[in-house]
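Shown next, in structure tokens, is the structure this report addresses.
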Amino acid sequence: MIKKLSGIIMLLALIPISYHLLDKRISNWMSQMPAEILEIFEIITLFGSPLLIVACVAMLVRFFIQTKLRKKEFDSQLIYLFLPLTVISAWILSHFLKFLFGRFRPNLYHIDNLFGFTFFSFEHEMTSFPSGHTVLITTFILSLILFKPKLKWLGYFAILLVASSRIILDQHFLSDVIFGFIIGLSMVILSRYTYGRFGIEISPKKSIHKA
């Protein structure tokens, strides 16, 4: 747990570096991206949309339950809630943080030269930090990998694609995406730790209830 927290702290250190040195420069590059490339990434970014993630979570939970029933394996019912609870918690937290920080989105930087934080804003153009799509795809994929580790590299690639799409489409700055990844990763770690405290181990092959 300590090693994981140390890793998260190191990732957090990238945010101010990106904010001061990279965000504006990368956003300026992305604003000149060819339309053909943007069309491709407009499709890719959909894989991090809330509706699609929620639909995938619902289908996977149903699949897991049916598989267990068919094999007559009866684990703690809480195990089936790990994926939806973790994703929903991450989604709620991300929206609270968006409101709290109230960061200007890249289009306001390009149009009005607005860059930074206003704090406490519900306006869409001022909810850039963190990237919601990155939070959701990271939380969903990393949670899924706990159950299906064979999907690890494919999952990492999916996270990279969706997170990159938010920058390429100039919907978010690099630091927004980094923070979104940190939120998703942290929620998965926290959820797994909480389950462990209640005696439920999240393992690849089988969830074990420690009575």
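Give me the pairs: first residue in region 6-18 and modelled with pLDDT under 90, second residue of a type in the set (D, E), beta-carbon distance under 9 Å, and six or more apart or on different chains, which are they?
Every condition considered, no pair remains.
For region 91-101, check the following and say yes or no: at least one residue is at pLDDT below 95 and of a type outside the set (D, E, K, R).
no
Every residue in region 20-65 that is modelled with pLDDT of 95 or more and basic (K, R), please.
Of everything in region 20-65, those that are modelled with pLDDT of 95 or more and basic (K, R) turn out to be K24, R25.
Against the condition surrounded by fewer than 24 Cβ atoms within 10 Å (Cβ to Cβ) and either of a type in the set (S, T, Y) or farther than 18 Å from F96 by Cα (or both), how does L185 come out, does it pass?
The answer is no for L185.
Can you pull out every residue in region 115-130 that is over 12 Å from F173 (Cβ atoms), hydrophobic (A, V, I, L, M, F, W, C) and surrounded by fewer than 16 Cβ atoms within 10 Å (Cβ to Cβ)?
F119, F120, F122
So which residues in region 127-145 are without any contact (Cβ under 8 Å) to a residue 60 or more places away in the chain and within 17 Å of L190 (Cβ to Cβ), if there are any at all?
P130, V135, T138, T139, I141, L142, I145
Might you let me know whether region 70-86 holds any residue that is outside any helix (DSSP H, G or I), modelled with pLDDT under 95 and either crowded, with 16+ Cβ neighbours inside 10 Å or among the polar types (S, T, N, Q) (or both)?
Yes.
The values are calculated or read from the model by the stated rules, or taken from the named source; none is laboratory data. Nothing here was measured: the structure is a model prediction, and the numbers come from that model. A quick note on method: Cβ atoms are made from the backbone with ideal geometry, for glycine too, and the neighbour counts reach across all protein chains shown.
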